[in-house]
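For reference, the structure discussed in these notes is given below.
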Amino acid sequence: MGKKKIAKETPEEALKEREVVETALKKAVEISPAKQLIKGKVYIKVSYNNTLITVTDEKGGVIAWASAGGLGFRGPKKATPFAAARVAETIAERAKRIGLQDVIVLVKGVGSGRESAIRALANRGLNIS
């Protein structure tokens, strides 16, 4: 069948991909809360292919959500701990805008970004229980 061609990423392509991810992070949708929430729940679903994080109020009503694919990560990069941390940072910023301070974190899945997502939430100033 011949030799397989291995594609190498040039520095320009790496910078362009990083800019796409950064603009997706900045493009987080503005949330206008009807009321200020102080407590809520954060559901983290980490699979082999993606990371999904959802923020709900205490009753379970969805307030905000984000995924690694929605932030511009493509292919196998969606399942990395770095992508999970970026998703958690985005959700933490949205939660701060709403006024959330105390959250209960529920983690589901077997992916590699479990710990990094929780650490990113804690580093952004949310009190985790």
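Distances between placed amide hydrogens fall under 5 Å for Gly111 paired with Val46, Ser47, all partners being 5 or more residues away or on another chain. The string of couplings for the range 75-91 from the Karplus curve (6.51, -1.76, 1.60, θ = phi - 60°) is x, x, 5, 5, 9, 8, x, 4, 5, 5, 5, 5, 5, 5, 5, 4, 5 Hz, one whole number per residue in order, with x for Gly and Pro. Of the Cα atoms belonging to the chain, the radius of gyration and Dmax stand at 16.4, 63 Å. Charged side chains reduced to their Cβ positions (Lys and Arg at +1, Asp and Glu at -1) give the range 54-119 a dipole of some 300 debye around its Cα centre.
Note: relative contact order over the chain, using C-alpha pairs below 8 Å and six or more positions apart, is 27 percent. Both radii are taken from the alpha-carbon atoms of the range 34-73; with Rh as the Kirkwood radius, Rg/Rh is 1.06. Each Lys and Arg Cβ is given +1 and each Asp and Glu Cβ -1; about its Cα centre, the chain then shows a dipole of about 380 debye.
Ordering Ala92, Pro76, Ala64 by Cα displacement along the dipole of the range 59-102 toward the positive end leaves Pro76 in first place; charges were set at the Cβ atoms of Lys, Arg (+1) and Asp, Glu (-1). Mean projected area of the Cα convex hull of the range 59-106, taken over all directions, amounts to 3.9 nm².
Each reported figure results from applying straightforward, stated rules to the coordinates on display, with no laboratory input. Worth saying up front: this structure is predicted, and the values here are computed from it rather than measured. Every residue, glycine among them, receives a Cβ derived from its backbone with ideal geometry; neighbour counts consider all protein chains shown.
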